[in-house]
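**Q** Before anything else, here's the structure in question.
Please treat every number below as a calculation from the coordinates, not as lab data. Worth saying up front: this structure is predicted, and the values here are computed from it rather than measured. Quick reminder, even Gly has a Cβ in these numbers, built from the backbone with ideal geometry, and neighbours come from all protein chains shown.
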Amino acid sequence: MTQTAVEWFNQQIVDRQNGNGDSRTWDEIFSQAKEMEKNDTDNKAIHFGEWLTNKHTGVLITLYERFEEEHYKSE
């Protein structure tokens with residue numbers, strides 16, 4: 001499993017405490033951690049959609065047909 005944004009941020013703290021940090025400011029590091037978290041969330045949503053599509057195509061088709069009927073054919 002890959003390192004989470006929180007784990008990465010914690011490692012940045014430890015590295016700086018040990019004198020191994022780089023020249024970025026804490027704001028820059030925190031911004032990078034937030035971006036990593038956002039990307040992780042986006043990737044989870046994409047992977048879930050792929051899994052759902054591959055495993056449950058019949059259910060998705062049924063739900064789409066119901067959605068279409070409720071939202072577009074009732075006009």
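**Q** For the chain, find the longest principal axis of its Cα atoms and tell me its angle to the long axis of helix 57-71, 0 to 90°, nearest 10.
**A** Roughly 70 degrees between the two axes.
**Q** For the range 12-62, state which trypsin sites (Lys or Arg not before Pro) are in a DSSP loop and have at most 14 other beta carbons lying within 10 Å of their beta carbon.
**A** Passing both the DSSP loop test and the Cβ count: ARG24.
**Q** Within the chain, how many lysine pairs that are 8 or more places apart, or on different chains, have C-alpha atoms less than 29 Å apart?
**A** Number of lysine pairs found: 4.
**Q** Residue farthest toward the positive end of the dipole of the chain, with Cβ of Lys/Arg at +1 and Asp/Glu at -1: which of LEU60, ALA5, PHE48?
**A** Result: ALA5.
**Q** By how many degrees, 0 to 90 and rounded to 10, does the Cα axis of helix 26-55 deviate from the longest principal axis of the chain?
**A** Between helix and principal axis, roughly 30 degrees.
**Q** Right, another one. Assuming 0.36 nm per residue, please report the length gained on full extension of the stretch THR2 to ASP15 beyond their Cα-Cα distance.
**A** Here the segment from THR2 to ASP15 would lengthen by 2.8 nm.
**Q** To continue, here is another question. What label, among (1) 12.3; (2) 15.9; (3) 12.7, belongs to Kirkwood radius over Cα pairs in Å computed from the structure on display?
**A** Matching the structure shown: (2).
**Q** I'd like the FRET efficiency for ARG24 and PHE48, computed as 1/(1 + (r/R0)^6) with the beta carbon distance as r and R0 of 25 Å, rounded to 0.05.
**A** 0.15
**Q** In debye, nearest 20: dipole of the range 1-71 around its Cα centre with unit charges on the Cβ of K, R (+) and D, E (-)?
**A** Rounded to the nearest 20 debye, it is 260 debye.
**Q** Now for a separate question. Suppose only helical runs count, i.e. DSSP H with n ≥ 4. What mean residue ellipticity at 222 nm does that imply for the chain under -39500 (n - 2.57) per run, divided by all residues and rounded to the nearest 500 deg cm²/dmol?
**A** Calculated mean residue ellipticity at 222 nm is -26500 deg cm²/dmol.
**Q** If we count every other residue with Cβ under 15 angstrom of TRP8's Cβ, Lys/Arg +1 and Asp/Glu -1, where does the sum land?
**A** The answer is -3.
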